[in-house]
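Asks: Below you will find the structure I want to go over with you.
The values are calculated or read from the model by the stated rules, or taken from the named source; none is laboratory data. Predicted model, so just to flag it, every value in this text is computed and none were measured. Heads up, the Cβs are rebuilt from the backbone with ideal geometry, glycines too, and the neighbour counts pull from every protein chain shown. Side chains are part of the model used for accessible areas, which takes the heavy atoms of the whole protein and leaves out ligands, DNA and RNA. Shrake-Rupley method; radii C 1.70, N 1.55, O 1.52, S 1.80 Å.
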Amino acid sequence: MKSRITPLALAIATTTAFAATGASAIELTYGSYTSPTHTTYVNGVVPTMKRITEQTKGELTFETFTGGAMGGPKELLGNVKSGILDAASVVDIYVKSSLPVSSLLSSMIAIGDDPKVMAAAMNEMQLLHCPDCIAERERNNVIGLSWSATGAYHVICKEPIKGLADLQGRKIRATSGVGRSMLAIGASPVSITTAEMYEAMQRGQIDCVVGATAWLNTYNLKDFAKGVWSNAVGSYFGTMNFAVNLDVWNDLTDEERAAFRDNMAHNVAEIMWAYVSDNETAMEWLAANGGTVEESDQAFKDAWKEQQSLTVQETIEAGKADGIDDAEEVVTTFMGLVDKWTGIVAKVGNDKAAYEKALNDEIFSKI
């Protein structure tokens, strides 16, 4: 789109108004339901936008709407599809009916103890090995450019708890596959979005959250949380950082599209390293400010390990029940990529530049 004067003008605009020419700059709108201080936004989205603007010599610029100003987690995909927004961050499990194959993959939260592995495997799967994923995005009139994971998930509670026995019947925010696993070991999972966690904890609707400890800050859970288990219980790895309206994307020049693609490996690497750092910082803060950070008891570890071992087969069965006929092939292919990236990440270790290079070499250079 050539320019936008007010949010109202943006809201009524359609992608037919997008007329990119080499003679004038294009301002793209981007929506996120998270706050402007969120890890993914601060360390991934904004720096990537700046790099794209620099690479295109100012021909592509961005106007961002955070905190749900242009749609919550369940509305953003539809707003990009219709052209209300040019691009957005999309969390697939909140729009499962629109992105069933993608959300099937990311439902395997319980196995994602190493988010760097899961983010890399998800990018390779989505971009190179999952025609069903590409087709479902096309049905929603979007192209996906990169995916990231949260930091490792932990059990975060209003009061310190010791282990498996303490979880019995406790109301715990746990979505998708991790909710199924929590239910199996005796907790009472509540499926709500991250945007709803603060109010739910404030009102006593939940006692605990399964999520990244970075959320103590980014969602202000530190206002209530007093206990965290330091052992990881997976991660969510299905955030599509740049879901771009397909009509808008097709109207960009080859050079403008290249500017996006050239920066996606860096986008993913920056988010992953920042999330790890924010997770650690948040746990350190909690421990230093009267909270408890300690491992769960062995009973929980054993129960959770058993749930992790069941996750793949349960996901395949859930996919078939939802009408995904090739669910077994999709999940098996993805798990092969998890194995591949487990090896790569073990080699690169904490070298962010080496991780970014591997992403480029194995994925983004092949698009």
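Asks: Given 296, 309, 365, 277, which one is in contact (Cβ under 8 Å) with a residue 40 or more places away in the chain and hydroxyl-bearing (Ser, Thr, Tyr)?
Replies: 296
Asks: Restricting to region 262-301, name every residue that is over 21 Å from residue 211 (Cβ atoms) and exposed (fewer than 14 other Cβ atoms within 10 Å of the Cβ).
Replies: Residue satisfying the conditions is 298 alone.
Table: residues versus (1) out of contact with any Cys (no Cβ under 9 Å at 6 or more places or on another chain); (2) closer than 25 Å to residue 97 by Cβ; (3) not in a helix (DSSP H, G or I).
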site	(1), (2), (3)
274	yes, no, no
284	yes, no, no
306	yes, no, no
320	yes, yes, no
325	yes, yes, yes
355	yes, no, no
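Asks: Could I ask something else about it? Of all residues in region 327-353, which are of a type in the set (Gly, Ala, Ser), closer than 22 Å to residue 153 by Cα and either open to solvent by 50 Å² or more (accessible area, probe 1.4 Å) or not in a helix (DSSP H, G or I) (or both)?
Replies: The answer is 346, 349.
Asks: Here are 182, 197: which of them is without any contact (Cβ under 8 Å) to a residue 40 or more places away in the chain, open to solvent by less than 10 Å² (accessible area, probe 1.4 Å), part of a helix (DSSP H, G or I) and within 30 Å of residue 355 (Cβ to Cβ)?
Replies: 197
Asks: Restricting attention to region 119-143, and to residues there that are small (Gly, Ala, Ser) and in contact with a Phe, Trp or Tyr (Cβ under 7 Å, 6 or more places away or on another chain), which single residue is nearest to residue 335 (Cα to Cα)?
Replies: Per the criteria, the residue is 121.
Asks: Name the one entry in 121, 110 that is in contact with a Gly (Cβ under 6 Å, 6 or more places away or on another chain), buried (at least 21 other Cβ atoms within 10 Å of the Cβ) and either not in a strand (DSSP E or B) or not aromatic (Phe, Trp, Tyr) (or both).
Replies: The conditions single out 110.
Asks: Give me the residue from region 72-96 that is part of a helix (DSSP H, G or I) and open to solvent by less than 10 Å² (accessible area, probe 1.4 Å) and, out of that set, farthest from residue 136 (Cα to Cα). Steps first, answer last, please.
Replies: Here is the first cut: in region 72-96, the ones part of a helix (DSSP H, G or I) are 76-82, 92-95.
Pick out the ones that are also open to solvent by less than 10 Å² (accessible area, probe 1.4 Å) and you get 76-77, 80, 92.
Working: 76: 16, 77: 12, 80: 14, 92: 11 Å.
That would be 76.
Asks: Further question: Mind counting the residues in region 129-149 that are open to solvent by less than 10 Å² (accessible area, probe 1.4 Å) and among the β-branched types (Val, Ile, Thr)?
Replies: Going through region 129-149 one residue at a time, the tally reaches 1.
Asks: Do we have residue 162 as modelled with pLDDT of 95 or more, over 19 Å from residue 104 (Cβ atoms) and crowded, with 17+ Cβ neighbours inside 10 Å here? Write out each step before concluding.
Replies: Details: modelled with pLDDT of 95 or more: yes; over 19 Å from residue 104 (Cβ atoms): yes; crowded, with 17+ Cβ neighbours inside 10 Å: no.
Answer is no for this residue.
Asks: In region 219-235, which residues are open to solvent by 20 Å² or more (accessible area, probe 1.4 Å) and either more than 18 Å from residue 170 (Cα to Cα) or not hydrophobic (A, V, I, L, M, F, W, C) (or both)?
Replies: The first filter runs over region 219-235 and keeps only residues open to solvent by 20 Å² or more (accessible area, probe 1.4 Å), leaving 219-220, 222-224, 226, 230-232.
219, 220, 222, 223, 226, 230, 231, 232 - these are the residues of region 219-235 that are open to solvent by 20 Å² or more (accessible area, probe 1.4 Å) and either more than 18 Å from residue 170 (Cα to Cα) or not hydrophobic (A, V, I, L, M, F, W, C) (or both).
Asks: Search region 97-107 for residues being hydroxyl-bearing (Ser, Thr, Tyr) and either part of a loop (DSSP other than H, G, I, E, B) or free of Cβ contacts under 8 Å to residues at least 24 places away in the same chain (or both), and hand back the single one that is most open to solvent (accessible area, probe 1.4 Å).
Replies: Ranking the candidates gives 97 first.
Asks: For region 43-71, how many residues meet the condition of being in a helix (DSSP H, G or I) and open to solvent by 30 Å² or more (accessible area, probe 1.4 Å)? Reasoning before the result, please.
Replies: Of region 43-71, the ones in a helix (DSSP H, G or I) are 43-55.
From what is left, the residues that are open to solvent by 30 Å² or more (accessible area, probe 1.4 Å) are 43, 46-47, 50-51, 53-55.
Total satisfying the criteria: 8.
Asks: Related question: For region 165-177, which residues satisfy the criterion of being open to solvent by 10 Å² or more (accessible area, probe 1.4 Å) and not basic (Lys, Arg)? Give the steps one after another, and end with the answer.
Replies: If we filter region 165-177 for residues that are open to solvent by 10 Å² or more (accessible area, probe 1.4 Å), which is where we start, we get 165-166, 168-171, 176.
Passing the criteria: 165, 166, 168, 169, 176.
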